[in-house]
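The values are calculated or read from the model by the stated rules, or taken from the named source; none is laboratory data. Given the structure is predicted, the values throughout are model-derived calculations rather than measurements. As a convention, Cβ positions derive from the backbone with ideal geometry for all residues, glycine included, and neighbour counts pool all protein chains shown.
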Amino acid sequence: MITNLSSSDIQKELNLQNNFSNANFRELNLNCNIYKGNFYLDTFNYFIINENYQTFKSLFNRDYNQNYDHFYTKEFFDNLKANVKNFKEFKNLFIIGSNAGNNYYSNLLQFLPRIFFINTNNIKIAIHRNSSTKIRDFIKLILNKKKINFTFVYLDDGFYKFNECEIPQFFNLDKSISILKKLLIPKNNKSENKKIYVTREDSSYRKIVNEADIIPILKSKGYKVINPQLYKIDQQIQIFSEADKIIAPHGSNLSNIIFCKPGTEIFEIGPHFEKEYEKIFENRYQTIATINKLKYSRFIADTVKVENHPDLSKKYINKVVLENSNYYKNLIVKVNDIKNLE
């Protein structure tokens, strides 16, 4: 069976200690544990299982709302052992990883902080093939600034065997935000876009159906409409870091509020979350706002069913959830909520 080892367990076993190196972020006095050796890994959880069938949940728990119990069942163990000989193998990679569904929140806050702990200037980096050109270009931008020569290796869905590869731990939300703010916020703020409305007009769900009714009102109040899809990630960071007021539908674009200065007002437009499985999303951006000392408010919008979801959503999201969850519906904003804003 697969067993889980805690940090204290690792410290007791010399052989395991030799598999871990430690990188230090001096400016934040932050350490990153990096596992190097042979292991199995799936490209959804990025939850390593070494050749002794051991896991390290305290270090490689990508999302603390994610349930990892299935890794410790006899069924999973038997299936893994029966298939390990069929896994495609890679050697000498540094595994950053990226979200299989190309979710920006996950790519930015869970995967990207690991890139700052690369300790060599020539490397092969593994990410998921579904990662967007935008996230790939941003990784290139960071590594070029760090003068690191690299090539991408693209992973598909499923399990792989990694030999003599390195994979850094995941960080909790507070630490991820600290790393990204310290290294990515631009020093010069010159924009006049102090009040912005973030549209989801190009999104597959949670876009504002009656947006044509509220945009004229917002423009009359001095808001500029921003479509993040039209901006590179470093440009998005610049825009959010300079804003004083931000209105946005619930969605990954709001991840950029980690770059806002303290006191920035955030108005999130979202659905009423009714299902238990939706609760992990409900306070996601309010939590970031609290960590970042922002002024947060939420408007509850009515929901409208989406008739046809994209193939990528259908691939990774349960059909019943996709059809019934308010998270995957479009929104109708109460116009008076917008009129009453300053």
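Counted as qualifying within region 1-89 are the helices (runs of 4 or more DSSP H) with 3 or more residues that are out of contact with any strand residue (DSSP E or B) (no Cβ under 9 Å at 6 or more places or on another chain) and hydrophobic (A, V, I, L, M, F, W, C), namely 74-83. Taking each residue of region 205-226 that is farther than 18 Å from K195 by Cα and looking for partners that are aromatic (F, W, Y) and at pLDDT below 95 with beta-carbon atoms closer than 8 Å, six or more apart or interchain, yields Y205/Y327; Y205/Y328; R206/Y327; R206/Y328. Entry remark, region 207-231: residues being basic (K, R) and either part of a helix (DSSP H, G or I) or loosely packed, with under 14 Cβ neighbours inside 10 Å (or both) number 1 in total. Scanning region 56-88 for residues that are within 22 Å of the chain's Cα centre (by Cα) and within 15 Å of S6 (Cβ to Cβ) returns F56, K57, S58, L59, F60, N61, Y68.
Of everything in region 152-185 that is among the β-branched types (V, I, T) and over 21 Å from T287 (Cβ atoms), the residue that is surrounded by the fewest Cβ atoms within 10 Å (Cβ to Cβ) is V153. Just one of the listed residues (K12, K36) is basic (K, R) and surrounded by 13 or more Cβ atoms within 10 Å (Cβ to Cβ), and it is K36.
Considering (1) crowded, with 17+ Cβ neighbours inside 10 Å; (2) at pLDDT 95 or above, the lone condition that K88 does not fulfil carries the number (1). Take the residues of region 116-129 that are at pLDDT below 95 and in contact with a helix residue (DSSP H, G or I) (Cβ under 8 Å, 6 or more places away or on another chain): which is surrounded by the fewest Cβ atoms within 10 Å (Cβ to Cβ)? My answer is F116.
Criterion applied to I257, I247, I269 was being at negative phi, part of a helix (DSSP H, G or I) and within 22 Å of the chain's Cα centre (by Cα), and the one residue passing it is I257.
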